[in-house]
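Engineer: Structure in structure tokens, see below.
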Amino acid sequence: MQALETELAEVCGVINAATGRLVSLIARVLEAESWKTPGVHSPAQWVAWTCGVSPARARSLVLMARRLGELPETRAALEAGEVAEDQVAVVCRHAPASIDAEVAALARSATVVQLRRVLGSYPLREPAPAEKTERQAPRESRGVSFGHTENGTWRLTAELPPEEGALVERALSATRDELFRAGGPNARVDWADALVAMADRSLGGASRRHTDRHLVLLHVGTQPGAGGHLHLGPGLSDGIRRFIGCDARVRPVFEAGGKPISVGRAFRTVPDRTRLVVEDRDRGCRVPGCDRSRWLHVHHIRHWEDGGASDTPNLLALCHRHHRLHHLGRLGISGNADDPDGVVFTDERGQTLVSCGGPRPLAAA
Ligand SMILES: [Zn+2]
Ligand SMILES: [Zn+2]
């Protein structure tokens, strides 16, 4: 065991020293400005591309490369393999050059969390001042960024001047209130619902074709289980792909040997006329106890992807939440939707959900 720990410590030292070399090489690239090639808009982008690291780590490496010149003791500790990249990153993010020697000594014995605690009171150095000029426009406190995260969700962050923020907040509040009113006293509505409803409305709301939310590129290839993905989005799990495929505009992409060869005409998995019939028949989410009657999805009981027909017995209206829950495997749905009592809903344990129209006993406090 002792030998194992010694070897581990040795490997860490080698990695640290190699990181020191990497950072000093990046510093030379910054100095020579050799990262400025067509299509590259920042040193961090260049580092991410060249070194195969994440954007966040690339930004951190660039910050270290910029700062280690004025932190010679910390730099020496890294190059000697005595401190690790994450420790140095905290130092570079916070420590002023005047305390370099003390902080280098501290870093040799402190964890990243301890360093953060000690140095947290110094102002943050990210993004470095030079980063601002690279973007050519001064960084003001106003911007919106969004995109897919590593775990496949979608993230939106916004920073706005207070008066504009207040406007967005009012719109969100108004939409949420409206969802509350539409959903009745037991409606559960969160800010995410409000944001999605706002987006829905700005694209034309009810008059807009609901299924235009997703254009699913369906890969039809020679290899089985070719999968699918949202246009320019991440690959999708089977459940989510089925969830989207249930009620979407689909454009098949025909592939051979992994390469797209032609693109077919887009079609709807649920034809508009069938959709009207299903919505009119169900008048809301079919799950017992659910009070949602707007922004409904049409679900294929036998999944469309598995050859389920887009006919009314196989289709039923579900709210977004329940539809998603089903495709995540947490709500069972089976039966004939044309029969008012013909659909059986089961929970995660396989127990049948019953309608809860009547009064229920008070829950034990
Ligand atoms: Zn579905
Ligand atoms: Zn529902």
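The values are calculated or read from the model by the stated rules, or taken from the named source; none is laboratory data. As the structure is a prediction and not an experimental result, all values here were calculated from the model. Virtual Cβ from ideal backbone geometry, glycine too; neighbours counted across all protein chains shown.
Engineer: Given (1) part of a helix (DSSP H, G or I); (2) modelled with pLDDT of 85 or more; (3) away from ligand 2 (no atom under 11 Å from the Cβ), where does residue 330 come up short, assuming only one miss?
Structural biologist: The single condition residue 330 does not satisfy is (1).
Engineer: Could you please tell me which pairs satisfy a Cβ distance under 8 Å, a separation of 6+ or placement on different chains, a first residue in the stretch 81-92 that is closer than 18 Å to residue 121 by Cα, and a second residue that is in a loop (DSSP other than H, G, I, E, B) and of a type in the set (A, V, I, L, M, F, W, C)?
Structural biologist: 87/110; 91/71; 92/71
Engineer: So which helices (runs of 4 or more DSSP H) stay within the stretch 7-91 end to end and still have 2 or more residues that are charged (D, E, K, R) and buried (at least 18 other Cβ atoms within 10 Å of the Cβ)?
Structural biologist: Output list reads 55-67, 72-79.
Each row is one residue, and each column tells you yes or no for (1) away from ligand 2 (no atom under 12 Å from the Cβ); (2) at pLDDT 80 or above; (3) not in a helix (DSSP H, G or I).
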site: 252; (1), (2), (3): yes, no, yes
site: 261; (1), (2), (3): yes, no, yes
site: 273; (1), (2), (3): yes, yes, no
site: 276; (1), (2), (3): yes, yes, no
site: 281; (1), (2), (3): yes, yes, no
site: 287; (1), (2), (3): no, yes, yes
site: 294; (1), (2), (3): no, no, yes
site: 299; (1), (2), (3): no, yes, yes
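Engineer: If only one of 318, 325, 362 is at pLDDT 90 or above and out of contact with any Phe, Trp or Tyr (no Cβ under 8 Å at 6 or more places or on another chain), which one is it?
Structural biologist: 318
Engineer: State which residue is nearest to ligand 1 (Cβ to nearest atom) when the search covers only the stretch 315-341 and only residues that are exposed (fewer than 13 other Cβ atoms within 10 Å of the Cβ) and more than 25 Å from the chain's Cα centre (by Cα).
Structural biologist: This residue is 334.
Engineer: Kindly list, by first and then second residue, each pair from a residue in the stretch 310-338 that is without any contact (Cβ under 8 Å) to a residue 12 or more places away in the chain to a residue that is within 11 Å of ligand 1 (Cβ to nearest atom) and assigned to a loop (DSSP other than H, G, I, E, B), limited to pairs with Cβ atoms under 6 Å and residues at least 6 apart or on different chains.
Structural biologist: Listed by first residue and then by second, the contacts come to 325/331.
Engineer: Restrict the check to the stretch 17-37 and report whether at least one residue is in contact with a Phe, Trp or Tyr (Cβ under 6 Å, 6 or more places away or on another chain) and either modelled with pLDDT under 95 or more than 22 Å from residue 68 (Cβ to Cβ) (or both). Before the answer, list the steps.
Structural biologist: Step one: filter the stretch 17-37 for residues in contact with a Phe, Trp or Tyr (Cβ under 6 Å, 6 or more places away or on another chain), giving 29, 35.
Filter once more, so that each one left must be either modelled with pLDDT under 95 or more than 22 Å from residue 68 (Cβ to Cβ) (or both): 29, 35.
Yes - at least one qualifying residue is present in the stretch 17-37.
Engineer: Still on this model: Would you call residue 4 modelled with pLDDT under 95 and closer than 20 Å to residue 108 by Cβ?
Structural biologist: Answer is no for this residue.
Engineer: Now, a different point. Scan the stretch 3-44 for residues that are in contact (Cβ under 8 Å) with a residue 24 or more places away in the chain and not hydrophobic (A, V, I, L, M, F, W, C) and jot them down.
Structural biologist: Of everything in the stretch 3-44, those that are in contact (Cβ under 8 Å) with a residue 24 or more places away in the chain and not hydrophobic (A, V, I, L, M, F, W, C) turn out to be 13, 16, 19, 20, 21, 24, 41, 42, 43.
Engineer: Here's something else I'd like to know. How many of the residues in the stretch 280-289 are more than 15 Å from ligand 1 (Cβ to nearest atom), of a type outside the set (Gly, Ala, Ser) and either in contact with a Gly (Cβ under 9 Å, 6 or more places away or on another chain) or under 17 Å from residue 321 (Cβ atoms) (or both)?
Structural biologist: Going through the stretch 280-289 one residue at a time, the tally reaches 1.
Here is a yes/no grid of residues against (1) among the charged types (D, E, K, R); (2) modelled with pLDDT of 80 or more; (3) under 22 Å from residue 27 (Cβ atoms):
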site: 98; (1), (2), (3): no, yes, yes
site: 105; (1), (2), (3): no, yes, no
site: 113; (1), (2), (3): no, yes, no
site: 117; (1), (2), (3): yes, yes, no
site: 125; (1), (2), (3): yes, no, yes
site: 136; (1), (2), (3): no, no, no
